[in-house]
Amino acid sequence: MAFDGITISCIVKELSDALTGGRIYKIAQPESDALVLTVRREKDQAKLLLSANASLPLIYMTDRSYVNPMTAPGFCMLLRKHLSNGRIISITQPGLERIVRIRIQHLDEMGDLKEKSLLIEIMGKHSNIIFIDENEKIIDSIKHISGLVSSVREVLPGRDYFIPQTQDKIDPLLTDNAASLLIANAKPADPVYKALYTTYTGISPCIAQELCHRANVDSSLPLGTLSEADLHAIEKNFAALIDNVKAGTFSPNIVFENRAPREYAAVTLTMYEDDVRKDYDSVSALLEAYYAEKDAVTRIRQKSTDLRKIVSTHLERNIKKYDLQIRQLADTEKRDTYKIYGELLHTYGYSAKPGDRSLTCDNYYTGEKVTIPLDNTLTPAENAQRYFDKYGKMKRTNEALTELTKEVKSEIDHLESVMTSLDIAEKEDDLTQIKEELIQTGYIRRKGGSKKAKLTGKPLHFRDADGYDFYVGKNNFQNDELTFGFATGGDWWFHAKHAPGSHVILKNPYVGRDGTKELPDHVFEEAAALAAYYSKIKDQPKVEVDYTIKKNVKKPGGGAPGFVVYYTNYSMAIAPTIDGLTQVE
């Protein structure tokens, strides 16, 4: 996910084609580090988002509406004063630097035609939006950078603007002998893909690995081990890529792994052969789609922080309690030995002499000799009673701990299932259901006077190419509703074996119609893959999944939400995936 120089070049071409000649109609600053410019060109209108956010700097066209502060910030007011109704005369990129320059003509207070530039630097935590005049003097910037913050360059009103040369890299747009320059400037021990992105401006690790893949060269090999043929292949593909950049020929695409965006680029990514790739006509549409999904995941993750803390605290506490109980339970395993000692002392105690510290006799249970430790201050009968007392105490402790460990283990399983539900949650409604479950199970107190939350979250619904329907519970409430409220007796039920996860229901369309018709094997595999994917162990290459007819699944009395039992089932080991299925809204 690199906002590299090639991606910037693609954006610049798109913005130049769409906005050059247009006039800036509105300027807004919805965030402290972001601008939205509304540009009109002839009958068309477009919004341009510029964000210098340290963690997610962006520039692309969008249709999204933004909420603006009641009072515009000073930087926004300055831009409105100078650039309102200004005409965009060019949008450019210096070399393959991560910088976009928007040149704007406008009329000053005297009615004279002036030219100024708005620059956005996409450089991670050093990202900025800088406003400069025709003499390359900084008028202002969305972030002020003093000499105390950066020894490389000050970004303050009145300072000269220049691009900081912090890395001695080569502009790939100005070279024709990539392989020779690579050998001359990179370390022979560096992996070849690292040598590429550290030598040339605008090349990200992702693009460097893509170039190696196209050249059929292992990207992890040290540069110094490559043959002339390997270097020639890299140079050939490098030149082809740069020619496309110069010609403005791009193919924005996102690679998806199990429906989750894995990587994007402005050139076709061929190295992810087994993943799904989606092509876009517009890099703006790509970026908006990609980061909207990422932002949604981040937002839900942030909103679930408090719930995660509550669950993890109780989980850690119960795991410690369980480990202690297991150790104590192990200590009671020698209880039967004490019982045998007592019985043997009743039988052979007469042979013990006063003051003896032990008694060796035959163990009539095993036929072997056994030595029994004795307290020399007690009689054999008293020693026997002491062993019987130890046996009784350990027996009672074992019985009590056996029940307690079952209860604690059940609580751990429930809390782990809640944590898995938090990982699966996609919407705030899902978090509301999880919170209500924690309230009902006593982990969270319901605030005084507050009513039970309205639960509106719905399970996931998938459909395969043959029209078979699959339903996936995203939390324990949804699991219970799916299994015992939605599914009928002839539907099929799936769940990852011995692991927290979703209940998956495969609807049987032949129930009540043609009871003799069986579902095809691939449908069972798709349902099992769903159950594996929506489980705690989804990262394993293969997950064992239990499945059975729904009528075999029972809810024990007093069982925690999502907890079920079944005694008749099939199993299969399958790779976790949701590829090949279409999600139905």
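The values are calculated or read from the model by the stated rules, or taken from the named source; none is laboratory data. In this text the structure is predicted, and so the values were computed from the model without any measurement. Positions of Cβ are backbone-derived with ideal geometry, glycine not excepted, and every protein chain shown enters the neighbour counts.
Numbers below:
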{"item": "Residue check for Ala46: surrounded by 17 or more Cβ atoms within 10 Å (Cβ to Cβ), out of contact with any Phe, Trp or Tyr (no Cβ under 8 Å at 6 or more places or on another chain), at pLDDT below 95 and not polar (S, T, N, Q)", "result": "yes"}
{"item": "Selection count, the range 7-43, where residues are assigned to a strand (DSSP E or B) and either of a type in the set (S, T, N, Q) or over 38 Å from the mean Cα position of the chain (by Cα) (or both)", "result": "7"}
{"item": "The range 484-495 residues that are in contact (Cβ under 8 Å) with a residue 40 or more places away in the chain, paired with ones that are among the hydroxyl-bearing types (Ser, Thr, Tyr) and buried (at least 17 other Cβ atoms within 10 Å of the Cβ) (beta carbon under 7 Å, 6 or more apart)", "result": "Trp492/Tyr547; Trp493/Thr483; Trp493/Tyr547; Trp493/Thr548; Phe494/Tyr547"}
{"item": "Failed item in (1) in contact with a Phe, Trp or Tyr (Cβ under 9 Å, 6 or more places away or on another chain); (2) part of a helix (DSSP H, G or I), with Leu324 passing the rest", "result": "(1)"}
{"item": "Leading residue by the ranking (surrounded by the fewest Cβ atoms within 10 Å (Cβ to Cβ)) among those in the range 432-442 that are in contact with a helix residue (DSSP H, G or I) (Cβ under 6 Å, 6 or more places away or on another chain) and not charged (D, E, K, R)", "result": "Gln433"}
{"item": "In the range 95-110, the residues that are among the charged types (D, E, K, R), surrounded by 15 or more Cβ atoms within 10 Å (Cβ to Cβ) and either touching a residue at least 24 places away in the same chain (Cβ under 8 Å) or farther than 17 Å from Pro57 by Cα (or both)", "result": "Glu97, Arg98, Arg103"}
{"item": "Residues located in the range 413-431, provided they are hydrophobic (A, V, I, L, M, F, W, C) and modelled with pLDDT under 90", "result": "Ile424, Ala425, Leu431"}
{"item": "Test set (1) surrounded by 14 or more Cβ atoms within 10 Å (Cβ to Cβ); (2) modelled with pLDDT of 95 or more - Ala573 fails condition number", "result": "(1)"}
{"item": "Number of positions in the range 133-172 that are more than 30 Å from Leu196 (Cβ to Cβ) and small (Gly, Ala, Ser)", "result": "4"}
{"item": "Output for the range 219-246, where each listed residue is free of Cβ contacts under 8 Å to residues at least 40 places away in the same chain and among the aromatic types (Phe, Trp, Tyr)", "result": "none"}
{"item": "Residue within the range 547-569 that is free of Cβ contacts under 8 Å to residues at least 40 places away in the same chain and under 20 Å from Met419 (Cβ atoms) present", "result": "yes"}
